[in-house]
Amino acid sequence: MVLDLKGSKILDMLNFKGKRALITGAASGIGRATSLRFAELNADLQLVDINLEGLKELKSEIESKYGVNAEIFRVDLSKKAEIDGLWEKLRGREPDILVNNAGIYPFRDFLKIDEKFLRFVMDVNWTSVFWMSQHMIRSRINKGGVIINVGSVEAFLPFEEDLSHYTLSKAAVIAFTRNLAKKYGKKGFRINVIVPGGIMTKGFKDVAKNILKLDLSLVKSGIEFKWRLPLGRFGDPDEVARMIVVLASDLASYVHGAIIVVDGGFLSA
Ligand code: NAI
């Protein structure tokens, strides 16, 4: 599918009026910041999270500030039945843009990981991306669309010792993105993966708090992480959100199967 955008104004390409964006993990951090940026750019929103209170709060902020339509869906993405139920509700108004952002990063020593824990992390972080993408592509096979998955720098440079399960889940998200891109580009889909690192979100801060309580040795790795950052600071969720909206827009019409790193230079140093 070739888009003729030569006469288009750059700012018009960033206008999502008439488009629907579905964002998972919308109640907090990167997902929340991304939802706000899409709303500012006039997209209608389908906000998905397990945290209903957070979704309600975000919906009222979005509707009062931006006047776009924001629907909220409480879904536990670790459960396929709930994902199937979500797409049943969305039938006939499937999103143009899907951002698979929800993810968890609980620390656990590799030798203490059991089957239940590993399955749970994989289900939230990676299996959900598989099912959400399958629904998206099935439902829009003749229309195409945009899928943006969220990986992690940990998939390229495992920095924290107690995140083997997380590293694995995010490596899977990245490999999967490239596989889908190969097959569905010609069908009108653009599919990419954003790779954040060191972003100050609620999830990130909770980890930092737990580290302080549980294991002082991990404080060292937190400090080392910051030292390694060429920009010399952690990132703000909005700095990832801004890249996600650009990637979702026609500004990025030839960006496909790409790994877009947003990490303050962490992987480069
Ligand atoms: P966060 O913890 O602030 O937000 C994650 C959201 O996902 C929360 O609203 C949570 O309720 C939701 N969620 C968790 N489990 C869910 C489930 N089973 N079903 C539905 N929703 C669920 O996290 P943050 O930091 O914004 O992370 C967003 C994504 O970015 C994640 O995939 C994470 O792995 C990734 N990432 C974050 C980095 C960072 O430095 N903050 C670095 C690299 C990757």
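Kindly indicate whether any position in segment 109-120 is within 20 Å of the chain's Cα centre (by Cα), within 25 Å of residue 202 (Cβ to Cβ) and open to solvent by less than 60 Å² (accessible area, probe 1.4 Å). No, segment 109-120 contains no residue that is within 20 Å of the chain's Cα centre (by Cα), within 25 Å of residue 202 (Cβ to Cβ) and open to solvent by less than 60 Å² (accessible area, probe 1.4 Å).
Looking for whichever is part of a helix (DSSP H, G or I) and either in contact (Cβ under 8 Å) with a residue 12 or more places away in the chain or out of contact with any strand residue (DSSP E or B) (no Cβ under 9 Å at 6 or more places or on another chain) (or both) here; the options are 129, 99. Which one fits?
Details: 99 fails: part of a helix (DSSP H, G or I).
Just a single option satisfies the conditions, and that option is 129.
When segment 86-96 is limited to residues that are away from the ligand (no atom under 13 Å from the Cβ) and assigned to a helix (DSSP H, G or I), the one that is least open to solvent (accessible area, probe 1.4 Å) turns out to be 87.
Entry remark, segment 23-46: residues being closer than 20 Å to residue 89 by Cα and surrounded by fewer than 24 Cβ atoms within 10 Å (Cβ to Cβ) number 1 in total.
Criterion applied to 36, 47 was being within 11 Å of the ligand (Cβ to nearest atom), under 19 Å from residue 238 (Cβ atoms) and either without any contact (Cβ under 8 Å) to a residue 40 or more places away in the chain or in a helix (DSSP H, G or I) (or both), and the one residue passing it is 47.
Select from segment 1-41 the residues that are among the polar types (S, T, N, Q) and at pLDDT 95 or above and list them in ascending order. So that I can check it myself, show each step before the final result.
Just the residues of segment 1-41 that are among the polar types (S, T, N, Q), to begin with: 8, 15, 24, 28, 34-35.
Once the filter is applied, which keeps residues that are among the polar types (S, T, N, Q) and at pLDDT 95 or above, segment 1-41 yields 15, 24, 28, 34, 35.
With respect to residue 229, determine if the residue is in contact with a Phe, Trp or Tyr (Cβ under 7 Å, 6 or more places away or on another chain) and either within 14 Å of the ligand (Cβ to nearest atom) or of a type outside the set (Asp, Glu) (or both). For residue 229, the condition - in contact with a Phe, Trp or Tyr (Cβ under 7 Å, 6 or more places away or on another chain) and either within 14 Å of the ligand (Cβ to nearest atom) or of a type outside the set (Asp, Glu) (or both) - is met.
The values are calculated or read from the model by the stated rules, or taken from the named source; none is laboratory data. The model shown is predicted, which means the values in this text are computed figures rather than measured ones. Glycine also receives a Cβ, built like all others from the backbone with ideal geometry; neighbour counts cover every protein chain displayed. Accessible surface areas use protein heavy atoms only, side chains included; no ligands, DNA or RNA. Shrake-Rupley method; radii C 1.70, N 1.55, O 1.52, S 1.80 Å.
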